[in-house]
Amino acid sequence: MTTPPAAAPRAMDDPRIASRAVTRLSVGVAIALIVLKAFALGASGSVSILASLTDSTLDLVASLGVFFAVRWAAAPADAEHRFGHGKGEALAALVQAGLIFASALFIGWEAVQRIFDPRPVTSGYWAVLVMLISIALTGWLVWMQGRALKRESSMAVEADRAHYAADLAANGVVLIGVISGAFLAAPGLDAAAGLVVAVWLFWGATSVLRTAADHLVDKALPESDRTAITTTVLADPRITGVHQLRTRMSGSTMMMQMHVDLDPALTLVAAHAIMAEAEARLLTRWPGADVLIHPDPRGRPAPPAASEPAGEAAPGGPSSSKGPWS
């Protein structure tokens, strides 16, 4: 009997394929939204539609950045990037934040001008229809990005999703503005809606910038994660202590380094076996993590160069409170 060929994995079943597929989807949705909103702007002259079109144009630039960043960050380590390319995602998120800031400033300026010089909104039915389609497309994209993130953590995709989630709410504000300007004879409300969009985008950009900066400056993982790491390592009673724990994120890869205390009478082979088991436990809980564990003979002082960095001591261990300028 001939064995049937194995079915190819679906795009949303494989983590890496899912992340790449959703970045293609993001670019496609951005292009579709630009075409729709350009048509609506030409028909209506709405400032809130203009605000949304400007945002969608920058969305396309940001989505293209994420498209390439996810692929570059997934490349394996090489001779020039021994820790991999994960920070490419943080750089993409940083560029995305800058684009969102620029979009917010442009939209805010245009909205303030229109508040003092209101202009009527025409072809309101077309504008409303386009905004409803935009909300549906954006909502679908955010849902698909959420599915991809459940399979593989990606800071670039997460930043892109946060941006489109803000767009989803902003599109609702734009819809209110268009209805107010076209059907309620209140064009000033249309301009005010554009101003609300600008403020919303500025707030979203701040969040994206903060996340990207944390990755680029190697901010430590939250206390809960560091506690979980220590607990996982100490599950083996032969390991009696964890210190000099250092953690950071590089793209979607968690990096952890630590020293552990072992019986000084152990042979090198036995100590290595214990370290390998500890690493296996960590990788079971955090697949794909980059783990480095250094064994120390219990009861003997650490060398002077291996002093504990401030704020990165293992939970429950000593931690210096001095800063770099103390």
Got at least one residue in the range 198-205 being of a type outside the set (Phe, Trp, Tyr) and modelled with pLDDT of 80 or more?
yes
Just one listed residue, out of Lys150, Lys87, is at pLDDT 75 or above and charged (D, E, K, R), and it is Lys150
Candidate set: the range 100-122, residues that are buried (at least 19 other Cβ atoms within 10 Å of the Cβ) and more than 30 Å from Arg210 (Cβ to Cβ); chosen: the one modelled with the highest pLDDT
Arg114
When you go through Met275, Met256 one by one, which is the residue that is under 30 Å from Val208 (Cα atoms) and among the aliphatic types (A, V, I, L, M)?
Met256
Taking interchain pairs and intrachain pairs at least six residues apart, which have beta carbon atoms under 7 angstrom, with the first residue in the range 23-40 and over 18 Å from Leu149 (Cβ atoms) and the second at pLDDT 85 or above and among the aromatic types (Phe, Trp, Tyr)?
none
Residue match in the range 11-33 (condition: modelled with pLDDT of 70 or more and farther than 16 Å from Leu141 by Cβ):
no
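The values are calculated or read from the model by the stated rules, or taken from the named source; none is laboratory data. Note that the structure is a prediction, hence the values are computed from the model and not measured. Here the Cβ is made from the backbone with ideal geometry for all residues, glycine too, and neighbour counts use every protein chain on show.
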